[in-house]
Amino acid sequence: MLKCSTSLWSADLANLEAEIKRVEPYSDRFHIDVADGHYVKNLLFFPDLVKALRKKTRLPFEVHLMTVNPLDWIEAFVEAGADGIIFCFDSAREPATVLRTIKSYGKYAGVSLLLSESIDLLDPYWENLDLVTIVGTAMGIKGASMDTSVPAKIRLVRSLIQQRGLKTEIEADGGIRRETVPLIYAAGVDYIVPGSLMFREDPQAMRKWLASLRKSEG
């Protein structure tokens, strides 16, 4: 069954503790977008806030660094309680160093790829990749529709993982809707990053719907 890395960006930000408790039973982990106002024109989720939220749930925290110089942020978010860290591939001067640093703290490491970025960019890094996040919209834009190229991109990543005999997981982030989820599930995604799909619907009913999906759909 598809797993949910629920995006806290779509929660009621004035009531985060209550929102976490409401969707916690229907989530596998929480996806926390971090934006520094430079890589994208947003400001989101800083270490002290993540540390405060860490006390409110036992679910894993997945931090997605939408920042310049991601290496500079790893230690702070590890100390705040991150269980895994994803960074934007094009934001790192030396992606291998960033991956090794994340894993040196005992955390799972992932990269996110823009719509315009080729899967071939990952060729030197597969052995250190626990997660590949396929971004389905323009980076830093909430509420946009998923690009039609995403299912094919996921199929390619799944094929490469299988060819290499790896355990790397695939996550889809952006444009997660009722009409797109069956397509990306059929393509081979492991995790979705639901925002409005979780917080603006009945989360129990939504999770039941996810459980009803079959690989042949889409």
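Here the 3J(HN,Hα) profile of the range 17-23, calculated from phi with Karplus coefficients 6.51, -1.76 and 1.60 at θ = phi - 60°, is 4, 5, 5, 4, 5, 5, 9 Hz, Gly and Pro shown as x. What label, among (1) 0.95; (2) 1.01; (3) 1.85, belongs to Cα Rg over 2.2 N^0.38 Å computed from the structure on display? Label of the calculated value: (1). For the options Gly81, Gly188, Gly143, a Gaussian network treatment of the chain with springs between C-alpha atoms closer than 10 Å singles out Gly143 as fluctuating the most. How high is the FRET efficiency between Glu127 and Asp28 when r is their beta carbon distance and R₀ equals 41 Å, given to the nearest 0.05? E between Glu127 and Asp28, to the nearest 0.05, is 0.95. Taking springs between alpha-carbon atoms closer than 10 angstrom, which of Arg207, Arg93, Arg155 fluctuates most in the Gaussian network model of the chain? Ranking Arg207, Arg93, Arg155 by mean-square fluctuation puts Arg93 first. Considering only Asn69, Asn128, Asn15, the mean-square fluctuation computed in a Gaussian network model of the chain, springs between alpha carbons under 10 angstrom, is largest for Asn15. Between Ser145 and Arg214, the modelled label-to-label distance comes to 2.9 nm, taking each label 7 Å out from Cα in the direction of the beta carbon.
For the chain, the antiparallel share of DSSP beta bridges with both residues in that region comes to about 5%.
How high is the relative contact order of the range 3-212, in percent, counting Cα pairs under 8 Å that sit 6 or more residues apart? Write out the running numbers ahead of the final one.
On the way: 389 pairs, mean separation 39.9, N = 210.
Dividing the mean separation by the residue count of the range 3-212 yields 19 percent.
The modelled label-to-label distance for the pair Arg58/Arg177, using points 7 Å beyond Cα in the direction of Cβ, is 3.7 nm. In sequence order, the range 55-66 has phi-based couplings of 6, 9, 7, 9, 5, x, 10, 10, 9, 9, 7, 9 Hz under the Karplus curve 6.51 cos²θ - 1.76 cosθ + 1.60, θ = phi - 60°, and Gly or Pro positions carry x.
Amide H contacts of Thr67: Cys88, each under 5 Å away and 5 or more positions distant or on a separate chain (H built 1.01 Å from N in the peptide plane; Pro and chain starts excluded).
The 3J(HN,Hα) values that the Karplus relation (6.51, -1.76, 1.60; θ = phi - 60°) gives for the range 202-211 are, in residue order, 6, x, 5, 5, 5, 5, 5, 5, 4, 5 Hz. Gly and Pro appear as x.
No lab work stands behind these numbers, since they all come straight from the coordinates. Small disclaimer: the values here were computed from a predicted structure and weren't measured. Note: ideal-geometry Cβ built from the backbone for every residue, glycine included; neighbour counts use all protein chains shown.
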